[in-house]
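As structure tokens, the structure follows; a few thoughts come after it.
Values quoted throughout were computed directly from the atomic coordinates according to the rules given, and no laboratory measurement underlies them. Given the structure is predicted, the values throughout are model-derived calculations rather than measurements. Positions of Cβ are backbone-derived with ideal geometry, glycine not excepted, and every protein chain shown enters the neighbour counts.
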């Protein structure tokens, strides 16, 4: 007999309730044979589901594991976000935004090129404004979002895929207050040419991480930004690639 994934998590005592089970699934914490399962209502037989794995319940602190990434970066930098106005480029399910809000941000504005990704927890948060279907290169064409961009931000964070952070920087710097800072997630697989990746999209040679570092440093400094810090993300991407954070100021 097939059951919903969230029900299996409860039955196998991997979650204390169906609500918590749903949160685990939506946060990307439930794995089967190395693949994240993202649909709480998906039906499985016990035979299909016998190898379920759940990551640490600590991940339930935020709506996705990306919140843990950002939390570690903020702790590393000892950043105080109290009353800060922050832009989240590539908000997706809202992991970064959730972390920023929990740490005292006055206002978080997010946008993402995707649709229907934002976790339901963030749908009615008064000091969070999110815009779907907005590509960073066309953000200023969105009338309501443009009002926020024109007012500029104390801090800009970014987590983007399938594009180099080098392309995001020239626009992001325009939206930053003169005394503002940027904290950007660097994904090497989107900074390197395809010949430097294996068939799974993983970086072949660890020496290429130096190429990524050099590239993003040069792109930042060309825009008049100062690199304050560059460091490893506390956890890897879901594909297993190492990731990095760069912290910049005007």
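Computed values, structure above
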{"item": "Per principal axis, descending, Cα span of segment 82-214 in whole Å", "result": "45, 34, 30"}
{"item": "Using alpha-carbon coordinates, inclination of helix 208-222 to the longest axis of the chain, degrees", "result": "40"}
{"item": "DSSP-defined beta bridges in the chain - what % are antiparallel, rounded to 5", "result": "50"}
{"item": "Prolate/oblate/rounded call for segment 85-153, Cα gyration tensor, a/c under 1.5 rounded", "result": "oblate"}
{"item": "Extension gain, residue 194 back to residue 120 (0.36 nm per residue minus Cα-Cα distance, nm)", "result": "23.1 nm"}
{"item": "Of all DSSP beta bridges in segment 96-235, antiparallel share, percent nearest 5", "result": "10"}
{"item": "Most fluctuating residue given options 93, 19, 236, as computed from a GNM of the chain linking Cα atoms under 10 Å", "result": "19"}
{"item": "Mean separation of Cα contacts under 8 Å (6+ apart) over length of segment 66-249, as relative contact order %", "result": "18"}
{"item": "Rh (Kirkwood; distinct C-alpha pairs) - segment 3-55, Å", "result": "10.4"}
{"item": "Residue among 209, 44, 62 with the largest mean-square fluctuation in a Gaussian network model of the chain, springs linking Cα atoms under 10 Å", "result": "44"}
{"item": "At R0 = 45 Å, FRET efficiency that the Cβ-Cβ distance of residue 76 and residue 50 yields, to 0.05", "result": "0.70"}
{"item": "Helical mean residue ellipticity (222 nm; -39500 (n - 2.57) per DSSP H run of 4+; nearest 500) of the chain", "result": "-8000 deg cm²/dmol"}
{"item": "Rounded Å value of the spacing that divides the Cα centres of segment 180-250 and segment 68-115", "result": "19"}
{"item": "Most mobile listed residue (16, 170, 178) in the chain, GNM with C-alpha springs under 10 Å", "result": "16"}
{"item": "Nearest-0.05 FRET efficiency for residue 39 and residue 234, computed from C-beta distance (R0 22 Å)", "result": "0.20"}
{"item": "Mean Cα-pair separation over length for segment 3-55, i.e. relative contact order, pairs under 8 Å, 6 or more apart, %", "result": "39"}
{"item": "Separation of alpha-carbon centers, segment 1-61 and segment 128-165, rounded to whole Å", "result": "33"}
